[in-house]
Amino acid sequence: MKQKKDNFSSRLGFVLAAAGSAVGLGNLWRFPYLAAKYGGGSFLLIYLILAVTFGFALLTTEIALGRKTGKSALYAFGKLNEKWSFIGVLASAVPIIIMPYYCVIGGWVIKYAWVYIAGSGAAAAGDDFFTGFISQPVEPIAWLVVFILASMAIILLGVNKGIENMSKVLMPLLVVLSVVIAIFVITRPGATAGLVYYFKPDLSKMSANAFLAALGQLFYSMSLAMGIMITYGSYMKKEDDIEASVRNVEIFDTGIAFLAGLMIVPAVFVFNNGDTEALKAGPTLMFITLPKVFDSMAGGHIIGAVFFILVFFAALTSAISLMETVVSIFVEKTGKSRKFITICVTIYTILMAVPSSLGFGIWSHISIKGLSILDMWDFLSNSVLMPIVALLTCIFVGYVVKTNIVTDEVKASTDKFKSEKLYVVLIKYFSPILIVLILISSILNTFGIITL
Ligand code: PHE
């Protein structure tokens, strides 16, 4: 019986969808501030080297596992070796946890895009605008519902008509908008000093921490260890070249992160007269500092609107990849229709997102070790589960089913895997060691024992 499967129609479709997942909030606000903090050019270099080694090995592995087995994250491991099917359970837990809180932030982004489009950018620059907004009980929830419904609509259209077509429009647009904003910012008076700050290698800041920060960032930024690339790999056609696709996704993801630095670092640098402290703030950089920066520039409100639309696109394509991963897991598990499961997942996401949203307002008294409800989920998924899943994946491929499961799959389309030797060394030795380092350091970091 021929199985009817909704696939990506071409390699380009796959690459843009996978890049859509990879390019997200991590690229747009986290990367620029890490680069600024850890010595500019030297951080960029470390990041680049890690992307073409560690990032390359893990991305290739996940896509190949997905395509080889044709399964979602839940069953891909078990299909190759039943004893290890628990990795699939752990990998599936990650998107199930991330999806709701990612939508809370997605809701904030739509709100800001809306405020700028409505011409109220000046209000967004007010001191209490952000905290006033997120602490409300109803409004942020309304926006997160809008965000989830937008993702749901695309998932209901399917892999080819929904995800692929959407990515084919949004991803090129995202590149154009990033370039427009970056050009606008670097042509502002005084921006050159900020550019120098962004590019100039500062060797004194090259430390073990800089290295770990780059590694952790890369991991999250390429949507690794969340089951996403396994799922997308399962929709990739046999004749499409995995190795070339991985290279393209890396270039896309790193390119947008680099451009984000070009727009944000000089802008904040000029605004604060060379004081880069504000760059280090997490969400407050995007939602508090940047609106002030836009407010201070001529034409800044228009750029603000373009910027938040850009962020919205980036967040939406990432949320879609999360939702698709969760939907595919439950369709396989229950055998129910895609439509039914998508609606169930949407309801689950809304119910689980509400506490994370309220955690900034009426439920702010609920916290563990100073982490809000949203931060707790973030910690559990990003700092604990993801490194564990990645480590198990390396052990599984390197030592249990053996690397030719992946290398043969890569060769299935083009007969050659140019970096095969490098891949084997990376997956068996280099990557597992690095992951153990990330795991230990991110836990110590969260509990304030070290600072990254
Ligand atoms: N890779 C995305 C980023 O860099 C993050 C992401 C998280 C994507 C969860 C999908 C799911 O922002």
Filtering region 100-141 for residues that are in contact with an Asp or Glu (Cβ under 7 Å, 6 or more places away or on another chain) and either among the small types (Gly, Ala, Ser) or within 18 Å of Thr289 (Cα to Cα) (or both) leaves a count of 4
State the number of residues belonging to region 143-169 that are open to solvent by 10 Å² or more (accessible area, probe 1.4 Å) and either closer than 17 Å to Ala319 by Cβ or polar (S, T, N, Q) (or both).
14
Anything in region 402-452 that is of a type in the set (Gly, Ala, Ser) and outside any helix (DSSP H, G or I)? List them, or say none.
Ser419, Gly448
Among (1) farther than 21 Å from Leu174 by Cα; (2) open to solvent by 50 Å² or more (accessible area, probe 1.4 Å), Ser328 falls short only on (2)
Leu290 meets each of (1) buried (at least 24 other Cβ atoms within 10 Å of the Cβ); (2) within 16 Å of the ligand (Cβ to nearest atom) with one exception, condition (2)
Pick out, from region 192-283, the helices (runs of 4 or more DSSP H) lying fully within it that include 2 or more residues that are away from the ligand (no atom under 16 Å from the Cβ), at pLDDT below 95 and surrounded by 15 or more Cβ atoms within 10 Å (Cβ to Cβ).
208-221, 242-271
Which members of region 16-34 meet the condition of being at pLDDT 95 or above and either among the charged types (D, E, K, R) or open to solvent by 10 Å² or more (accessible area, probe 1.4 Å) (or both)?
Leu16
Of residues in region 61-77 being assigned to a loop (DSSP other than H, G, I, E, B) and more than 15 Å from Val94 (Cβ to Cβ), the one most open to solvent (accessible area, probe 1.4 Å):
Lys71
Flag if Phe86 is under 30 Å from Lys428 (Cβ atoms), of a type in the set (A, V, I, L, M, F, W, C) and open to solvent by 10 Å² or more (accessible area, probe 1.4 Å):
yes
Scan region 112-124 and give yes if some residue there is in a helix (DSSP H, G or I), under 29 Å from Ser383 (Cα atoms) and either within 16 Å of the ligand (Cβ to nearest atom) or of a type in the set (A, V, I, L, M, F, W, C) (or both), otherwise no.
no
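Yes/no matrix, rows are residues, columns are (1) farther than 14 Å from Glu243 by Cβ; (2) open to solvent by 10 Å² or more (accessible area, probe 1.4 Å):
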{"site": "Ile395", "(1), (2)": "yes, yes"}
{"site": "Gly398", "(1), (2)": "yes, no"}
{"site": "Ile405", "(1), (2)": "yes, yes"}
{"site": "Lys416", "(1), (2)": "no, yes"}
{"site": "Glu420", "(1), (2)": "no, yes"}
{"site": "Lys428", "(1), (2)": "yes, yes"}
{"site": "Ile433", "(1), (2)": "yes, yes"}
{"site": "Ile440", "(1), (2)": "yes, yes"}
Filter pass, Gly227 being over 25 Å from Ala125 (Cα atoms), touching a residue at least 24 places away in the same chain (Cβ under 8 Å) and of a type in the set (Gly, Ala, Ser):
yes
Go through Met323, Met297 for me and flag whichever is surrounded by fewer than 19 Cβ atoms within 10 Å (Cβ to Cβ) and either in contact with a helix residue (DSSP H, G or I) (Cβ under 8 Å, 6 or more places away or on another chain) or touching a residue at least 60 places away in the same chain (Cβ under 8 Å) (or both).
Met297
Search result, residues across region 442-452 that are among the aliphatic types (A, V, I, L, M), over 23 Å from the mean Cα position of the chain (by Cα) and open to solvent by less than 60 Å² (accessible area, probe 1.4 Å):
Ile450
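The values are calculated or read from the model by the stated rules, or taken from the named source; none is laboratory data. Only a predicted model underlies this, so the values are computations on that prediction, with no experimental measurement involved. Cβ atoms come from the backbone with ideal geometry, glycine included; neighbour counts cover every protein chain shown. Ligands, DNA and RNA are stripped out before the accessible areas are found, and what is left, the full protein with its side chains, is counted by its heavy atoms. Shrake-Rupley method; radii C 1.70, N 1.55, O 1.52, S 1.80 Å.
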